[in-house]
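There's a structure below that I have some questions on.
The values are calculated or read from the model by the stated rules, or taken from the named source; none is laboratory data. Only a predicted model underlies this, so the values are computations on that prediction, with no experimental measurement involved. Ideal geometry is used to build each Cβ from the backbone, glycine not excepted, and the neighbour counts take in all protein chains shown.
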Amino acid sequence: MNIDSNRKDQHVELAQAQYNQSSESDFQKVRFIHHSFPQISTQDVSLQTTLLGHKMELPFYINGMTGGSKKTKIINEKLAIVAKECGLAMASGSLSAAIKNPDLEDSFKVIRNVNPDGFVMANIGAHHSWENAKRAVDILDANGLQIHINAPQELVMPEGDRDFSMWLSQIEKMVQNVGVPVLVKEVGFGMSRETIEQLIQVGVTSVDVSGKGGTNFAAIENARRTTFSYDDLENWGQSTVVSLLEATELSNQVHVLASGGIKTPFDIIKALSLGAEAVGLSGQFLHMVVEDGPEKTIETIQAWKEKMISIMTLLGKKSVLELKETDLIFQRDIIDWCEMRGIDYRTFAIRSNHYL
């Protein structure tokens with residue numbers, strides 16, 4: 001097994017181990033205000049939204065995870081079956097390994113082979129040239145490109161990158177040249193307002209703020225180290241909730257997606273209510289297809305659909321767009337962040353204007 005394939009298998013094993021460790025998420029620190037009269041029926045609710053211009057019947061998708069080895073090819077095949085049967089968009093894991101070694105392309109191409117008509121995003125790191133990005137898109141015949149940014153992971157990774165000086169200019173070239181819509185995604189460290197502004201300046205129109213709370217790649221890479229530990233970076237970054245609040249003032253300039261620590265239909269609805277247009281899940285889907293298989297995962301997604309409709313009905317909201325008018329209450333540490341960063345958190349508690 002080559003180095004890249006071995007690393008991909010280690011990532012999956014460590015991500016699965018992380019999943020089974022209980023941790024508090026900032027989504028638990030966000031509450032809806034209950035209003036007693038929803039004044040709608042479940043039949044009034046639509047879960048439709050868009051991702052990179054693609055209309056989706058459900059407001060969540062399978063986020064970039066894996067590929068690059070025999071084991072991960074099997075996982076990608078299972079994920080692609082779920083995507084096809086449920087009509088979910090799907091992103092591949094990073095295609096860097098396949099660009100270095102064409103023998104590994106098969107572990108990614110299985111996504112398109114299983115789901116020839118689905119909406120698929122190819123994933124690649126910001127350090128790559130636009131030519132490599134185009135190659136990644138071509139390998140998957142992809143409908144979009146997902147560019148991941150992951151400086152903390154690279155620095156903790158023993159064999160990771162150490163030069164980030166060209167990332168923004170490389171992203172700008174990809175946006176201009178790859179020929180498909182581009183989504184720039186963090187990998188679990190969250191985005192600040194300043195980061196999103198920089199991405200807008202280089203032409204990016206869609207971002208996934210991907211905050212901490214889910215798969216922790218700093219911890220994964222730290223576990224792979226054989227020399228001194230980087231455990232002080234395992235808590236680096238901001239949560240998905242905080243990152244969505246950071247993006248609030250820029251939502252009229254960029255499409256905002258969310259991922260990171262999102263495991264349940266309730267988490268999805270909260271993320272949408274905080275301003276996300278759609279939500280990506282990776283660790284949760286990885287766990288489900290590995291532990292339960294595609295068939296049971298498909299059944300779970302159908303149950304999620306019913307539950308999300310119920311929650312939206314309770315909130316009196318007929319669409320994903322209307323969820324941005326829900327009334328939200330935050331716990332103190334989220335409020336502290338907002339106060340320090342000049343984010344007007346009080347407006348979130350009175351958005352429905354029921355009594356005005």
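Residue-wise test of (1) without any contact (Cβ under 8 Å) to a residue 40 or more places away in the chain; (2) over 20 Å from the mean Cα position of the chain (by Cα); (3) in a helix (DSSP H, G or I); (4) under 19 Å from L51 (Cα atoms).
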{"site": "L145", "(1), (2), (3), (4)": "yes, no, no, yes"}
{"site": "Q153", "(1), (2), (3), (4)": "no, no, yes, no"}
{"site": "D163", "(1), (2), (3), (4)": "yes, yes, no, no"}
{"site": "V175", "(1), (2), (3), (4)": "yes, no, yes, yes"}
{"site": "G179", "(1), (2), (3), (4)": "no, yes, no, yes"}
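Now a separate question. Within the stretch 242-274, can you find the residues that are outside any helix (DSSP H, G or I) and either surrounded by fewer than 21 Cβ atoms within 10 Å (Cβ to Cβ) or of a type in the set (A, V, I, L, M) (or both)?
Those that are outside any helix (DSSP H, G or I) and either surrounded by fewer than 21 Cβ atoms within 10 Å (Cβ to Cβ) or of a type in the set (A, V, I, L, M) (or both): S251, N252, Q253, V254, H255, V256, L257, A258, I262, K263, T264, L274.
For the stretch 43-73, how many residues meet the condition of being assigned to a helix (DSSP H, G or I) and either farther than 17 Å from G283 by Cα or at pLDDT 95 or above (or both)?
3
In this structure, is Q10 among the polar types (S, T, N, Q), exposed (fewer than 13 other Cβ atoms within 10 Å of the Cβ) and modelled with pLDDT under 95?
It is false that Q10 is among the polar types (S, T, N, Q), exposed (fewer than 13 other Cβ atoms within 10 Å of the Cβ) and modelled with pLDDT under 95.
Considering only residues that are buried (at least 17 other Cβ atoms within 10 Å of the Cβ) and of a type in the set (V, I, T), look in the stretch 320-336 and name the one that is farthest from I40 (Cα to Cα).
Result: I334.
Go through the stretch 188-211 and report how many residues are in contact with a His (Cβ under 8 Å, 6 or more places away or on another chain) and either β-branched (V, I, T) or in a loop (DSSP other than H, G, I, E, B) (or both).
2
Which of the residues spanning the stretch 63-114 are of a type in the set (S, T, Y) and surrounded by fewer than 22 Cβ atoms within 10 Å (Cβ to Cβ)?
S96 - this is the single residue of the stretch 63-114 that is of a type in the set (S, T, Y) and surrounded by fewer than 22 Cβ atoms within 10 Å (Cβ to Cβ).
With respect to A349, is the statement that it is of a type outside the set (S, T, Y) and touching a strand residue (DSSP E or B) at 6+ places or on another chain (Cβ under 7 Å) true?
yes
Quick test of your reading of the structure: K317 fulfils all but one of (1) buried (at least 18 other Cβ atoms within 10 Å of the Cβ); (2) touching a strand residue (DSSP E or B) at 6+ places or on another chain (Cβ under 9 Å). Name the failing condition by number.
Among (1) buried (at least 18 other Cβ atoms within 10 Å of the Cβ); (2) touching a strand residue (DSSP E or B) at 6+ places or on another chain (Cβ under 9 Å), the lone unmet condition for K317 is (2).
On the basis of being of a type outside the set (D, E, K, R), surrounded by fewer than 20 Cβ atoms within 10 Å (Cβ to Cβ) and touching a strand residue (DSSP E or B) at 6+ places or on another chain (Cβ under 7 Å), does N132 make the cut?
yes
Could you list, in sequence order, the residues of the stretch 278-314 that are of a type in the set (G, A, S) and either closer than 19 Å to N63 by Cα or crowded, with 21+ Cβ neighbours inside 10 Å (or both)?
A278, G280, S282, G283, G293 - these are the residues of the stretch 278-314 that are of a type in the set (G, A, S) and either closer than 19 Å to N63 by Cα or crowded, with 21+ Cβ neighbours inside 10 Å (or both).
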